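Visitor: Please find one structure pasted underneath; my questions will follow.
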Amino acid sequence: MERGLALSVRLIEQSPIGLAVLDTDLRFVTVNPTLERINGVPAADHIGRRPREVMPHLDTDVESTIRQVLESGVPLLDQLAVGRTAADPGHEHAWSVSRYRLEDPGGRVLGVAASIVDVTEQRRAEIEAARARQRLTLLADASLRIGTTLDLEQTARELAEVCVPDLADIAAVDVLDSVLQGHTAETHEGPAQFLPLAVTTAGPTETTPAADPPGELAVYDTDRLAAQCVNLRRPVRVPRVDGRDLPRIARCPQAIELLARAGLHSYLAVPLTARGEILGVLDLKRTRNREPFTHDDEVLAGELATRAALSIDNACWYRSQRHAALTLQRHLLPQHPPHTVGLEVASRYQPTAAAVEVGGDWFDAIPLDDDKTALVVGDVMGSGTNAAATMGQLRTATRAYADLDLAPAEVLARLDHTTTRLEETITTCAYAIYDPHRAQCRICLAGHLPPALVRPGRAPQLLDLPAGTPLGVGGNPFRTATFDMAPGDQLVLYTDGLVETRDQPIDQRLNTLLSLLDDPERPLEETCDRLLHALRHPDDHDDVALLVARARPTPDNQASRP
């Protein structure tokens, strides 16, 4: 018995595992030296006290867990506890704790025994492994989500959304205005003029007004950390933000107050660099996530910024090219409706969605001899500057042939011959000539959708015309059709981008078009806006040319009405 008792005492005193016994009032009865070292409290200061009195900084409700074991008799093994103790108050530790009820040979409950093992290093390794997996997942997610289009604003939003909430609570993407103007440079110095493109937050927050509003130019002085990030071409990290840092982060005194109230405590800015040129900055803030930005976070943010910068650079380049093509196309289209006798004309050109190149649609109204007017709508297949340039050539050719006072079928035949000389070009076209003195219209189609005719007192209808073949196919004759067009009648010419979609049958869309032409007295400008608003969507992938003409009375057709 003495040997057994001595062995038990040695086992408890020399055990590398912290051991403790608590009575039924949850007060310490005994602790071993290892637990003394773990808690940083002498054994004598444990005796008679409750766990919360000895270890107030644990993040778990220790006493309720002990009470559960005491009442149920069911052991709880390997329970994780995290917190700080007097032995190391500056660092957080993790312990694996097991508890079981103590009973005498007669079954009377004596208390609870506990064993405690420090697993801080193991848990730290597990946390680092989990963070590494999270970073890899975030990078993989970024590869799928960033750069899905060539739209600059959407690309910036995708980058900001990837960063929140896994990396930051607030993410903003700002691009140098000089980059948007096409004046990129390898270095940047002095105050920086940015165009904020995106701001994303982790849930509702009052900090949104603290950010520079997307779409509005903002000047960052050299003391702003975002400007320093661009000027130095390297990340700027403030692990723990204090009152001196806020004025260098926020844009104005009101923003300083909002960020301070939200609990901004850590800041990180990384440059957006692509092909050796500085494009802008990725701005990250933490308010809810209590961990400061670390070097690993800086590396991760830099990797995200580098990947996104290539997509942003491509979007900037594309925007510049698209702007050039669109400028060319608008320059080639008529700027103001011409003065025509007996005819009122309204027109619209609407380019495709921002993420897709401009097309080659055009319209024209050409005054001819004897007060006649030629009405033209065409669609060059393809997109970009080449399509716009081809459209300009065909529009010029159409005007030249129109001046020869040829019938519509002859004009299209000559345009077909011209188009075959243009490399890999196919074009649809509708060409009409209105004669106000005869109240008559002659029209011919080259693979184009039928125009709509709107007459007072009648339902709008699509003209039943020979469809013809597109220009550039060659070898097929065109046929001219003639119909009466009295004062008040309207002719609606359009390109397929107005009615063709990927999810609705063309017949259904054409019926919708006719239903929108329900008021012959509606002003033509309103009719154009009505059609575009109802039939077009922001993400449509084709441009639209629209021409609406209404016959007006002249002295010799004042009473004409079939």
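Visitor: For the chain, which whole percent of the accessible surface, found with a 1.4 angstrom probe, sits on carbon and sulfur atoms? Can you show the working numbers first?
Guide: Numbers: 13820 of 27160 Å².
On the chain, the fraction of accessible area on carbon and sulfur atoms equals 51 percent.
Visitor: What 222 nm value per residue comes from the helices of the chain, counting each DSSP H run with n ≥ 4 as -39,500 (n - 2.57) and dividing by all residues, nearest 500 deg cm²/dmol?
Guide: -11000 deg cm²/dmol
Visitor: I'd like the FRET efficiency for D403 and Q181, computed as 1/(1 + (r/R0)^6) with the beta carbon distance as r and R0 of 56 Å, rounded to 0.05.
Guide: Calculated value: 0.85.
Visitor: Does the range 471-520 come out rounded, prolate or oblate by the C-alpha gyration tensor, with a ≥ b ≥ c the root eigenvalues, rounded set by a/c under 1.5 and, if not, prolate when a/b is larger than b/c and oblate if not?
Guide: Oblate, because a/c is 1.5 or more while a/b does not exceed b/c.
Visitor: Please list, in order along the range 231-237, the HN-Hα scalar couplings obtained from phi with the Karplus expression 6.51 cos²θ - 1.76 cosθ + 1.60 (θ = phi - 60°), rounded to whole Hz, x for Gly and Pro.
Guide: So the J values, rounded to whole Hz, are 5, 8, 6, 8, x, 10, 10.
Visitor: In Å, what Rg and Dmax follow from the Cα atoms of the range 228-275?
Guide: 12.1, 39
Visitor: Given a cut-off of under 8 Å on Cα pairs at least six residues apart, what relative contact order in percent is computed for the chain?
Guide: So the answer I get is 9 percent.
Visitor: Leaving out ligands, DNA and RNA but keeping every protein chain, what accessible area does I249 have, in Å² rounded to the nearest 10, with a 1.4 Å probe?
Guide: 10
Visitor: Okay, moving on. How high is the relative contact order of the range 1-143, given as a whole-number percent (alpha carbon pairs under 8 Å, six or more residues apart)?
Guide: Over the range 1-143, the number comes to 21 percent.
Visitor: What number in nm² do you get for the range 176-276 if you take the convex hull of its Cα atoms and divide its surface by four?
Guide: Average of the hull's projected areas for the range 176-276 equals 6.7 nm².
Visitor: Compute the orientation-averaged projected area for the range 36-95 from the convex hull of its Cα atoms and round it to one decimal in nm².
Guide: If I average the Cα hull's projected area over directions, I get 4.3 nm².
Visitor: Calculate the spin-label point distance for E206 paired with I47, positioning each point 7 Å from the Cα along the beta-carbon direction, and give it in nanometres.
Guide: 5.4
Visitor: In what sequence, largest accessible area first, do V29, V376, V341 appear using a 1.4 Å probe?
Guide: V29, V341, V376
Visitor: With viscosity set to 0.890 mPa s at 25 °C, what whole-number translational diffusion coefficient in µm²/s follows for the chain from Stokes-Einstein and a Kirkwood radius over Cα pairs?
Guide: In µm²/s, the coefficient rounds to 81.
Visitor: Let me ask you something else. Which trypsin sites (Lys or Arg not before Pro) does the range 409-466 hold that lie in a coil by DSSP with at most 14 other beta carbons within 10 Å?
Guide: Here the trypsin sites (Lys or Arg not before Pro) that fit, given the DSSP loop and packing criteria, are R421, R458.
Visitor: Follow-up question, since we're still on this one. Over the range 249-288, what is the relative contact order in percent, taking alpha-carbon pairs closer than 8 angstrom and at least six residues apart? Working shown, then result.
Guide: Numbers: 40 pairs, mean separation 14.6, N = 40.
After rounding, I find 36 percent.
Visitor: What would the Debye formula give as log10 I(q)/I(0) at q = 0.13, 0.18, 0.20 Å⁻¹ for the alpha-carbon point model of the range 383-505, no solvent?
Guide: -0.57, -1.03, -1.20
Visitor: Calculate, for the chain, the solvent-accessible area per residue in square angstrom, rolling a 1.4 angstrom probe over the heavy atoms of the protein chains.
Guide: Spelled out: the 1.4 Å probe surface of the chain, per residue, equals 48 Å².
Visitor: Tell me, what are the semi-axes, in whole angstrom and largest first, of the equivalent ellipsoid of the range 29-184 as set by the roots of 5 times the Cα gyration tensor eigenvalues?
Guide: Equivalent-ellipsoid dimensions as semi-axes: 53, 18, 12 Å.
Visitor: Hey, another quick one. Can you tell which of A44, V74, L279 lies farthest toward the positive end of the dipole of the chain, using +1 and -1 charges on the Cβ of basic and acidic side chains (Lys, Arg; Asp, Glu)?
Guide: A44
Visitor: Would you mind listing how long the range 90-146 runs along its three principal axes, going by Cα atoms, in whole Å with the largest first?
Guide: Largest first, the range 90-146 extends 69, 27, 15 Å along its Cα principal axes.
Visitor: Can you give the accessible area of R522, probe radius 1.4 Å, in Å² rounded to 10?
Guide: 40
The values are calculated or read from the model by the stated rules, or taken from the named source; none is laboratory data. Not measured: the values here are computed from a predicted model. Don't worry about glycine lacking a Cβ; one is built from the backbone with ideal geometry, like all the others, and counts go over all protein chains shown. Remember, those area values only see protein heavy atoms, side chains included, never the ligands or the DNA or RNA. Shrake-Rupley method; radii C 1.70, N 1.55, O 1.52, S 1.80 Å.
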